[in-house]
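The values are calculated or read from the model by the stated rules, or taken from the named source; none is laboratory data. Note that this is a predicted model, so its numbers are computed, not measured. Every residue, glycine among them, receives a Cβ derived from its backbone with ideal geometry; neighbour counts consider all protein chains shown.
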């Protein structure tokens, strides 16, 4: 079992880099969407640079990190199969499925923007950016609190956090609108 801590460390490292990619890629999408509304030549220059940055982030950091985090997670489950019998792990795996759904939808948006198909507003993309934050908070609270009954309150707290983020997003949007009008 000496290798267990190495597996856990590698899993955590790649989860962190995966989330780093998932946190930053929607910001690049916001910039791409906003650049697509600029006049030439800014639109083309910024658009190409942002597409290149997104491509590098997505295929050099985010996708490999997702794959490696998953491989090390599977190895951890093989090393500790008893976890699969615990309720907190079932909930965590549900969040992991949601994370992959988020990742695949983000990949779909990435492909659209790489082909200059802008179907989202920058405001919608800012909101989309919060999805990975909610999943991360949920998983961290769940893993840390594990078998404690308090993890239920932690997950409920995530939904409260989501509501607070939504309110913050609306306030920020109003602020940006007022700034533009001035």
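Only one entry of 44, 34, 48 meets the criterion of being assigned to a helix (DSSP H, G or I) and in contact (Cβ under 8 Å) with a residue 60 or more places away in the chain, and that entry is 34.
Tell me yes or no: at least one residue of the stretch 52-75 is at pLDDT below 95, surrounded by 16 or more Cβ atoms within 10 Å (Cβ to Cβ) and part of a helix (DSSP H, G or I). Among the residues of the stretch 52-75, not one is at pLDDT below 95, surrounded by 16 or more Cβ atoms within 10 Å (Cβ to Cβ) and part of a helix (DSSP H, G or I), which makes the answer no. Going by the structure shown, is residue 86 more than 23 Å from residue 12 (Cα to Cα) and either surrounded by fewer than 17 Cβ atoms within 10 Å (Cβ to Cβ) or modelled with pLDDT of 95 or more (or both)? The answer is no for residue 86.
Residue-by-condition table, conditions (1) surrounded by 11 or more Cβ atoms within 10 Å (Cβ to Cβ); (2) over 14 Å from the mean Cα position of the chain (by Cα); (3) without any contact (Cβ under 8 Å) to a residue 40 or more places away in the chain:
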position: 105; (1), (2), (3): yes, no, yes
position: 114; (1), (2), (3): yes, yes, no
position: 129; (1), (2), (3): yes, no, no
position: 133; (1), (2), (3): yes, no, no
position: 138; (1), (2), (3): yes, no, no
position: 174; (1), (2), (3): no, yes, yes
